[in-house]
Every structure is written in C-alpha cells, then in structure tokens.
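Engineer: My structure is below; once you've seen it, I'll send some questions.
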Amino acid sequence: MTTKSVMEIAEIKEYLPHRYPFLLVDRVLELEPDRRIVAIKNVTINEPFFQGHFPHYPVMPGVLIVEAMAQAAALLSFKSKGDKRDENMVVYLVGVDGARFKRPIVPGDTLILEAEKMLEKRGLIKYAVRAKVDDQLACEAELLCTQRLITK
C-alpha cells in the first residue's frame with residue numbers, strides 16, 4: 001500500500017470539527033470528490049478507550065469503528081462541496097444499516113477506512129463503508145448522513 005497522502009492531519013482538522021480523543025481519521029490516502037475516499041486510523045495502545053475495553057484484551061469498540069467510517073464519509077462530503085469547517089455546520093450520522101463486524105481491531109492495527117457515495121437525495125447522503133486491516137474486512141455498513149446548519 002502506498003503511504004502518499006492526499007490529506008494530512010492539519011488539513012483534516014480544517015474540515016472535521018472533531019478533536020482528540022474523538023478525531024478518528026489520521027490521514028487520507030485517496031479522494032475522488034462525490035465518489036469515494038480512503039483514509040486511515042492508526043490504532044495505538046494509548047487510545048483512552050482501551051483502559052476499559054478490555055484491560056485484559058484491548059479491542060476497539062464497534063461504535064468507534066462505525067464513527068471512524070462516518071468521519072471518513074463526512075470528510076468526503078465536505079471536500080466534495082469544498083466546504084471547510086464552519087462552527088455552524090455539521091454532518092450528522094442519521095442511520096446505520098447492516099453493520100457487520102468481522103474481526104477485532106487491536107492496538108498496532110492500521111484501520112483502512114473506505115466510504116463510497118451511493119446516492120444523494122433531499123439532503124441525505126447514503127454511503128457504503130468498510131473498515132479493513134491488512135486487506136481483511138473488519139467492518140462494513142451503510143451509513144445515512146445529512147449536513148445541517150446548527151443554531152445556538
């Protein structure tokens with residue numbers, strides 16, 4: 001696999017509002033606007049969730065794997081529209097369908113996050129997402145997202 005990046009962490013932070021410990025995308029390797037994205041999350045033992053999940057056998061929680069895939073999809077949405085982060089704009093995850101977990105994610109893994117845009121209709125975007133480790137499928141799902149202005 002190539003290590004050439006399309007986006008490094010500084011640029012990712014210009015598009016996603018998430019910050020440590022909840023920013024779950026470290027680098028973008030491929031990006032085709034309005035079509036697909038491939039990003040990575042380097043999983044380390046220093047992740048705060050490993051203290052309790054599980055101390056005797058650290059495994060990345062499934063909800064955080066789904067969140068990492070959703071963040072990759074949000075990056076694709078923002079980059080496709082050319083929208084940098086705005087304090088009043090957020091991409092909400094509004095649906096998760098068919099989530100399947102195939103293997104545990106453990107410290108030392110490099111999680112490859114793939115999101116492919118399936119359809120966009122009435123402000124909703126549907127993505128087919130996958131997470132892989134060493135070309136092995138770890139998780140797959142379909143995500144439904146929407147971009148909204150927030151009011152304070």
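The values are calculated or read from the model by the stated rules, or taken from the named source; none is laboratory data. This structure is a prediction, so every number in the text was calculated from the model and none was measured. Reconstructed Cβ throughout: ideal geometry from the backbone, glycine too, with neighbour counts over all protein chains shown.
Engineer: Do we find that residue 57 is modelled with pLDDT under 95, more than 15 Å from residue 25 (Cα to Cα) and either hydroxyl-bearing (Ser, Thr, Tyr) or in contact with an Asp or Glu (Cβ under 7 Å, 6 or more places away or on another chain) (or both) in this structure?
Structural biologist: Working: modelled with pLDDT under 95: no; more than 15 Å from residue 25 (Cα to Cα): yes; either hydroxyl-bearing (Ser, Thr, Tyr) or in contact with an Asp or Glu (Cβ under 7 Å, 6 or more places away or on another chain) (or both): yes.
The answer is no for residue 57.
Engineer: Restricting to strands (runs of 3 or more DSSP E) lying wholly in the stretch 35-125: which have 2 or more residues that are under 22 Å from residue 135 (Cβ atoms) and either of a type in the set (Gly, Ala, Ser) or without any contact (Cβ under 8 Å) to a residue 12 or more places away in the chain (or both)?
Structural biologist: Numbers: elements: 36-42, 89-101, 110-121.
Because the criterion is at least 2 residues that are under 22 Å from residue 135 (Cβ atoms) and either of a type in the set (Gly, Ala, Ser) or without any contact (Cβ under 8 Å) to a residue 12 or more places away in the chain (or both), the strands (runs of 3 or more DSSP E) in the stretch 35-125 that meet it are 89-101.
Engineer: Further question on the same structure: Can you name the residue in the stretch 109-152 that is hydroxyl-bearing (Ser, Thr, Tyr) and under 17 Å from the mean Cα position of the chain (by Cα) and is also nearest to residue 92 (Cα to Cα) among such residues?
Structural biologist: Step one: of the stretch 109-152, the residues hydroxyl-bearing (Ser, Thr, Tyr) are 110, 127, 146, 151.
Next, from what is left, pick out any that are under 17 Å from the mean Cα position of the chain (by Cα): 110, 127, 146.
Working: 110: 25, 127: 13, 146: 5 Å.
Applying the filter and picking the extreme gives 146.
Engineer: Inside the stretch 81-112, can you point out the residues that are closer than 27 Å to residue 150 by Cα and of a type in the set (A, V, I, L, M)?
Structural biologist: Here is the first cut: in the stretch 81-112, the residues closer than 27 Å to residue 150 by Cα are 81-97.
Within the stretch 81-112, 89, 90, 91, 93, 94, 96 qualify.
Engineer: Of all residues in the stretch 22-32, which are in a loop (DSSP other than H, G, I, E, B) and in contact with a Leu (Cβ under 8 Å, 6 or more places away or on another chain)? Give the steps one after another, and end with the answer.
Structural biologist: Step one: list which residues in the stretch 22-32 are in a loop (DSSP other than H, G, I, E, B), which gives 22-26.
Passing the criteria: 23, 24, 25.
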